[in-house]
Amino acid sequence: MARRSTKTPPPDDFEERILDIDVVDEMQGSFLEYAYSVIYSRALPDARDGMKPVHRRIVYQMNEMGLRPDRGYVKCARVVGEVMGKLHPHGDASIYDALVRMAQPFSMRLPLVDGHGNFGSLGNDDPPAAMRYTECRMADATSLMTESIDEDTVDFAPNYDGQEREPLALPAAYPNLLVNGASGIAVGMATNMPPHNLGEVIAAARHLIRYPGADLETLMRHVPGPDLPTGGRIVGLAGIKDAYETGRGTFKIRATVSVETVTARRKGLVVTELPFSVGPEKVISKIKDLVGQKKLQGIADVKDLTDREHGLRLVIEVKNGFIPEAVLEQLYKLTPMEESFGINNVALVDGQPLTLGLKELLEVYLDHRFDVVRRRSEFRRGKRRDRLHLVEGLLVALVDIDEVIRLIRSSENAAQAKERLMERFSLSDVQTQYILDTPLRRLTKFDRIELEAERDKLKGEIAELTKILESDAELRKLVSSELASVAKKFGTPRRTVLLESAGAPVPAASLQVADDPCRVLLSSTGLLARTVTAEPPPQAGKRAKHDVIVSSVAATARGEVGVVTSSGRLLRLSVIDLPQLPESAQAPNLSGGAQVSEFLSLEADETVVCLTGLAESSPGLALGTLQGVVKRVVPDYPANKDELEVIALKEGDRIIGGAELRTGEEDLVFITSDAQLLRFQASQVRPQGRAAGGMAGIKLAEGAEVISFTTVDPAADAVVFTVAGAAGTLDDSVTTAKLTPFDQYPRKGRATGGVRCQRFLKGEDRLVFAWAGVSEARAAQRNGSPAELPEIDPRRDGSGTPLDKPVAALAGPVS
């Protein structure tokens with residue numbers, strides 16, 4: 001069966017016309033139409049209110065929906081639906097993206113939308129939630145953008161289907177384009193404008209109102225540069241001046257970074273502000289890639305500690321041995337922690353895209369604002385004139401109200417009454433109708449007084465509005481005062497720091513800490529630190545906590561030292577890991593040091609005895625044990641071992657004291673719990689290998705044990721300090737202490753019992769603390785706080801005197 005044709009035949013009078021059009025002309029015309037549509041209707045902001053059509057439609061529709069700052073939030077999907085259905089003939093995704101950006105405090109210097117929910121994060125590392133989950137309303141400042149829009153202040157045009165009307169520009173009570181910036185890509189052109197500080201921009205605008213001929217240099221005193229929502233540091237101001245002059249320029253934004261001690265062992269770079277539109281995830285990812293490719297050195301770890309309470313906090317730990325400032329220079333060079341921003345001030349002026357400088361942008365805005373205030377004043381004057389006309393008519397009727405009532409009652413109908421009133425009292429049609437519509441209760445004597453007051457008020461307002469409309473100076477003065485009130489209410493301090501230059505960069509060769517000589521110090525409280533130089537720190541100075549240095553050793557910044565423990569172990573310690581004391585330190589105070597436990601793993605009952613160098617040229621290490629054993633250790637420390645045994649201890653024995661010998665001619669001093677002191681020369685002790693168990697040092701009486709072992713230079717002025725008490729009294733109530741010159745104790749042979757060093761009083765049965773060493777010693781309590789020593793007593797075996805504070809540590813000057 002044949003298929004029936006449904007094609008409608010042409011009419012009888014149809015005449016076929018075929019036009020030959022050059023495809024080049026057709027493409028050119030179509031492309032120009034498309035380009036103009038993109039430029040005018042999508043991509044570029046208007047220089048008057050600083051908004052693209054989509055942003056303007058969102059703000060206007062939210063205002064129409066009554067989403068004021070004092071009202072409740074509504075779903076973003078509802079706003080997007082209203083905007084898309086009435087004003088914006090494009091997809092919902094583009095509308096919601098624009099709305100989200102207007103709610104992000106890190107994208108807008110003065111956000112236009114008050115968002116409730118997840119609106120994304122810096123750098124879009126965490127994308128915003130779907131519009132069905134988020135809520136919004138107008139921000140406080142947004143009401144200024146639509147203020148007086150219903151007073152014929154701006155022109156309206158039909159929407160895409162002609163059923164609604166939308167504003168061609170918003171009244172904009174502040175320069176939104178400069179304050180919040182803009183970015184967009186059109187056809188053949190683009191715009192990229194940074195945000196600025198509201199107070200600074202308004203100050204420049206007010207100056208331009210007062211001095212229309214002001215030059216750029218004067219305006220830049222008010223607006224020195226952009227003020228980005230994320231803060232940061234702008235380096236180099238030449239590009240900014242070019243942009244303010246020509247509309248095009250480039251500047252660099254650097255992250256705000258401080259060097260801090262992030263752990264007890266390491267310093268780090270703490271980033272609190274990133275360049276505009278750069279998120280922490282982007283920086284972290286780039287750093288990890290560069291470290292993996294070995295293009296970036298010195299980075300130990302990167303942590304993102306950002307939270308809502310403290311804001312952005314990106315911690316970049318720097319490896320020991322690297323200079324943080326040098327690492328930071330590399331980060332600026334290789335990562336997004338330094339970004340360039342190209343200013344391109346392209347905006348629409350009377351529908352035409354123009355590249356504008358700072359002064360031109362302010363002039364376009366001010367011309368718009370003058371026009372808005374002028375139209376607003378005309379609208380308000382017209383409204384007040386209409387109201388005054390009605391009030392004057394009502395007052396005329398109130399003068400002879402009885403006649404008015406008589407005329408109305410005697411009229412056949414309302415039309416006749418209206419005509420007779422107009423003729424009798426010379427009233428206009430509008431006035432007469434208003435009188436007829438007014439209820440009788442409004443015609444009292446009191447209402448007449450109110451109407452007369454309203455008439456006088458209306459006349460005064462009309463005079464003020466006329467003054468504004470007839471005087472350009474008054475108009476400019478009003479605009480300036482309104483801008484000042486906006487700045488006072490919404491102005492905030494500048495966030496971005498402006499720098500003329502970045503300063504001298506740290507040379508690449510200085511990336512790592514130089515292997516300079518230094519000195520490693522150990523305090524009585526177990527704190528470790530290193531000095532800047534190898535020179536011993538001065539002993540003079542005010543006493544402070546942790547200033548008693550019980551051991552020190554010369555080293556280099558990138559070298560190693562040995563740590564001798566009470567269990568007979570020697571552990572290697574990297575010097576570069578230790579905190580460095582400030583160069584300005586006037587006395588050895590290790591308050592800024594770190595606990596030994598941060599660097600070494602010690603057993604529960606194991607303590608650090610002393611520090612030692614690892615060089616084979618050293619005279620060796622002298623050790624004394626609880627059971628009276630002495631040993632000189634041959635300095636043989638293999639470099640491939642981090643842990644070595646320096647003495648074979650008997651069961652129950654432990655190292656009491658130790659020191660690195662300087663010459664090998666020092667005196668070795670044992671002091672026991674039963675107040676015996678033995679002094680003999682180190683040369684009497686034969687050096688032994690690490691595996692040896694030492695030899696007899698002092699002969700102990702039954703029940704006695706060694707409580708102190710030290711080395712003393714025989715040529716130095718030295719003292720002996722002893723504290724007597726009952727067992728376990730050191731932490732509670734110390735009885736007596738004695739300070740005696742060292743030369744009162746004669747040398748004896750090794751493995752002998754020595755001589756008595758203190759006489760016990762009633763209630764005392766042992767020495768609880770003892771020390772021998774160079775005079776000018778410093779004493780400390782167990783917590784490191786300073787303690788005072790008694791006066792020197794020349795009696796070798798005399799009794800002690802009471803102490804104000806218990807002494808738990810004693811050490812001479814660092815040498």
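The values are calculated or read from the model by the stated rules, or taken from the named source; none is laboratory data. Worth saying up front: this structure is predicted, and the values here are computed from it rather than measured. Glycine also receives a Cβ, built like all others from the backbone with ideal geometry; neighbour counts cover every protein chain displayed.
Within the range 280-316, the set of residues being under 13 Å from the mean Cα position of the chain (by Cα) and crowded, with 16+ Cβ neighbours inside 10 Å comprises 280, 304, 306, 312, 314, 315.
Taking the listed residues 668, 623, 644, 611, the one that is in a strand (DSSP E or B), touching a residue at least 24 places away in the same chain (Cβ under 8 Å) and out of contact with any Leu (no Cβ under 9 Å at 6 or more places or on another chain) is 623, with no other qualifying. Applying the condition of being out of contact with any Leu (no Cβ under 8 Å at 6 or more places or on another chain) and among the polar types (S, T, N, Q) to the range 756-806 and asking which residue is surrounded by the fewest Cβ atoms within 10 Å (Cβ to Cβ) yields 783. Pairing each residue of the range 496-508 that is modelled with pLDDT under 90 with any residue that is in a loop (DSSP other than H, G, I, E, B) and not hydroxyl-bearing (Ser, Thr, Tyr), provided the two are 6+ apart or on different chains, yields C-beta distances under 7 Å for 500/237; 501/236; 506/323. Comparison of 365, 332 shows that the only residue that is under 30 Å from residue 172 (Cα atoms) and either assigned to a helix (DSSP H, G or I) or at pLDDT 95 or above (or both) is 365. The set of residues in the range 320-353 that are farther than 30 Å from residue 48 by Cα and among the small types (Gly, Ala, Ser) comprises 321, 326. For the range 375-394, the candidate set comprises residues that are surrounded by fewer than 17 Cβ atoms within 10 Å (Cβ to Cβ) and of a type in the set (Lys, Arg); within that set, the residue that is nearest to residue 172 (Cα to Cα) is 383.
Criterion applied to 400, 350 was being free of Cβ contacts under 8 Å to residues at least 40 places away in the same chain, assigned by TED's automatic domain parsing to the domain that holds residue 458 and not small (Gly, Ala, Ser), and the one residue passing it is 400. Taking the range 282-296 as the range and being hydrophobic (A, V, I, L, M, F, W, C) and within 13 Å of residue 316 (Cα to Cα) as the test, the residues that pass are 283, 284, 287, 291, 296. Across the range 405-415, a minimum of one residue is classified as without any contact (Cβ under 8 Å) to a residue 24 or more places away in the chain and crowded, with 17+ Cβ neighbours inside 10 Å.
Among the candidates 276, 251, the residue that is outside the structural domain of residue 576 (by TED's automatic domain parsing) and in a strand (DSSP E or B) is uniquely 251. In the range 423-456, the residue that is surrounded by the most Cβ atoms within 10 Å (Cβ to Cβ) out of those that are hydrophobic (A, V, I, L, M, F, W, C) and more than 11 Å from residue 396 (Cβ to Cβ) is 443. Among all residues of the range 740-754, there is none that is at pLDDT below 90, buried (at least 16 other Cβ atoms within 10 Å of the Cβ) and among the hydroxyl-bearing types (Ser, Thr, Tyr). Scanning the range 149-181 for residues that are within 42 Å of the chain's Cα centre (by Cα), surrounded by fewer than 24 Cβ atoms within 10 Å (Cβ to Cβ) and not in a loop (DSSP other than H, G, I, E, B) turns up 166, 167, 179.
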